[in-house]
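The values are calculated or read from the model by the stated rules, or taken from the named source; none is laboratory data. Here the structure is a predicted model, which means the values were calculated and not measured. Because the Cβ atoms are built from the backbone with ideal geometry, glycine has one as well, and the counts that use them run over all protein chains shown. Note: accessible area is taken over every heavy atom of the protein model, side chains too, but ligands, DNA and RNA are not part of it. Shrake-Rupley method; radii C 1.70, N 1.55, O 1.52, S 1.80 Å.
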Amino acid sequence: MSSSAQINWDDLRFVLAVADQGSVSAASRVLRVNHATVLRRIAGFETRHGLKVFEKTATGYRVSPDRIALIEALRETNVAVGQVERMIEAVRPNLSSGIRVTSTDAFCQFILAPAVTALASELGLSVSVMAGNAHLDFTRLQADITVRPAIRLPDELSGERAAAFRFGIYSAPGGDTGWLGLEGAIARSAAGEWLRRAYRDAAPNLSSDSFLMLAAIAAEGRGRAILPVFVGDAWPGLQRQDILTDLDPIPVWVASHVDLAASGRLRRARGLIAEALATVEPRMMGDRT
């Protein structure tokens, strides 16, 4: 490394994402940026410091054996930088710079619009909403608040249980009765576990890592889908066949990183989102009245 080279700390997350994912494409999906941005940031890091971190192989990118220790050092540094960022964030007196909220694509499309609108209006701030089913890394403050469906929160997050929702089975009238499969993060959800347990012999020929895509496929008559009821009940062309009463309601948490949980400026924002979620809980539980 050149003695005069300055480390761009934001580059660390790009280097570590490629190291962890093993490919630029996978890293770009995790980081929610395009493929070219990851390539540019990796090349810039290597050029500035006069070293090659990765070896390009037929299957992706591999950390050079003599750079493994460097990667571990960068990982520790990334955690430390994230801690400093969170300490600064926790003592900031106001929300004037705005707030970043993340949740699943389904919640963003069907549930969160009134909540974030109220947030922006009542607190007079800008709100950025990031939708996706891959959980963001809160180590480096990619978001301030997450609205997360989960049985329990991971250790690095702290928040309150704001509401709950149920899953149901949906199909188009007269459509295919075969099951649609779950992939990615939603395959690891309670719905994915239920499907594997109840229909272990089913071999779906169509699957997705998005409940929104599954709803669209089911509406085309291509199979039955397990969906959050607030998605299935609202989707044109779908009929509810059943509610999964043998699957407990899934809690919905409004949370921040544990280092930010006590921040007054975020407590108020989380409270407003939680209040908005509580008002639509009956719909999330499948109440059509």
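Observations on the structure shown:
- Built amide H within the under 5 Å cut-off of VAL63, gap 5+: GLU55
- Gyration tensor analysis over the Cα atoms of the chain returns equivalent ellipsoid semi-axes of 37, 27, 15 Å (largest first, whole Å).
- Ranked packing of 148-158, 226-236, 171-181, 246-256, most packed first, by mean Cβ within 10 Å: 226-236, 246-256, 171-181, 148-158
- For segment 194-264, the pair-distance distribution built from all alpha carbon pairs, in bins 5 Å wide starting at 0, is 3, 13, 20, 19, 16, 8, 7, 7, 5, 1, 0 percent.
- With protein chains left intact and a 1.4 Å probe, residues in the chain average 49 Å² of accessible area per residue.
- For ALA162, residues with placed amide H under 5 Å, excluding near neighbours: VAL252, TRP253, VAL254
- In order through segment 222-228: 3J(HN,Hα) via Karplus (6.51 cos²θ - 1.76 cosθ + 1.60), integer Hz, x for Gly, Pro: 9, x, 8, 10, 8, 9, x
- Karplus 3J(HN,Hα) series, Hz, for segment 27-37 with 6.51 cos²θ - 1.76 cosθ + 1.60 (x for Gly, Pro): 5, 5, 5, 5, 7, 6, 10, 7, 4, 5, 5
- R0 of 22 Å, Cβ-Cβ distance ALA185-GLU122: FRET efficiency to nearest 0.05: 0.10
- Averaging the sequence gap over all C-alpha pairs within less than 8 Å and six or more residues apart, then dividing by the number of residues, gives segment 173-289 a relative contact order of 26 percent.
- In this structure, the amide hydrogen of GLY181, modeled 1.01 Å from its nitrogen in the peptide plane, lies closer than 5 angstrom to those of LEU206, SER207, SER208, counting only residues at least 5 positions away or on a different chain.
- Rounded to the nearest whole Hz, the Karplus-based 3J(HN,Hα) values (6.51 cos²θ - 1.76 cosθ + 1.60, θ = phi - 60°) of segment 263-280 follow the sequence 4, x, 5, 8, 4, 5, 5, 4, x, 5, 5, 4, 4, 5, 5, 4, 6, 9, with x at glycine and proline.
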